[in-house]
1. For segment 105-156, which trypsin sites (Lys or Arg not before Pro) are both in a DSSP coil and crowded by at most 15 other Cβ atoms within 10 Å?
2. Can you run phi through the Karplus equation (6.51, -1.76, 1.60; θ = phi - 60°) for segment 102-117 and list ³J(HN,Hα) in whole Hz, with x for Gly and Pro?
3. If I take all pairs of Cα atoms in segment 104-156, what percentage of them are more than 14 Å from each other?
Amino acid sequence: MSTLHRHCLLALSTGLFTTMFGLGVAQSWRQQGTIPDLDPDRLVEARNLLLAGDTTRAIAQLAMYADIESRRPDSWLRLGQALASVGESARAIEALERSVQLLPAPVEAHQQLAVLYYQAGQVDRARAHAQIVLRVGARLPEDVLQGLALPAPPPS
């Protein structure tokens, strides 16, 4: 990894630059064909940042990871969950939709999308995702089920 890559990753991990800068760096690396290997510990670090309440840095890391690993549904799932946790519903929906486009099966993405679409008043979309969740026997919040007029799954 070049010195520039190390400095950029260090700057991003210390929260000195915005998410947009990180995405710009990732795009530049992609165009140059010099995308550095990702350290799996970055995801653990992002999770720890979220747990510590440092959502800005966590979301910046997850956004950069999702951009670099754009074909991995889990990268978009994690970004969507983080964005939803801070109330950025529109961006969360975009990330979660990308996750289910890449891999239609992640129940967690469908659960979150059902809730977000329900909260946004998009009942048809919420119901479509809720039905996927219920079909596999997973759970949704009771208020969402009632609001969508869907039966709760039997207790497991």
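Every number here is computed from the coordinates shown, using simple stated rules; none is lab data. What you are looking at is a predicted structure, and each value in this text was computed from that prediction instead of being measured. Don't worry about glycine lacking a Cβ; one is built from the backbone with ideal geometry, like all the others, and counts go over all protein chains shown.
1. Details: sites: Arg125, Arg127, Arg135, Arg139; in loops: Arg139.
Filter output for segment 105-156: Arg139.
2. Here the 3J(HN,Hα) series is 6, 8, x, 8, x, 4, 4, 5, 5, 4, 5, 5, 4, 5, 5, 5 Hz.
3. Details: 549 of 1378 pairs.
Tail of P(r) above 14 Å: 40 percent of Cα pairs.
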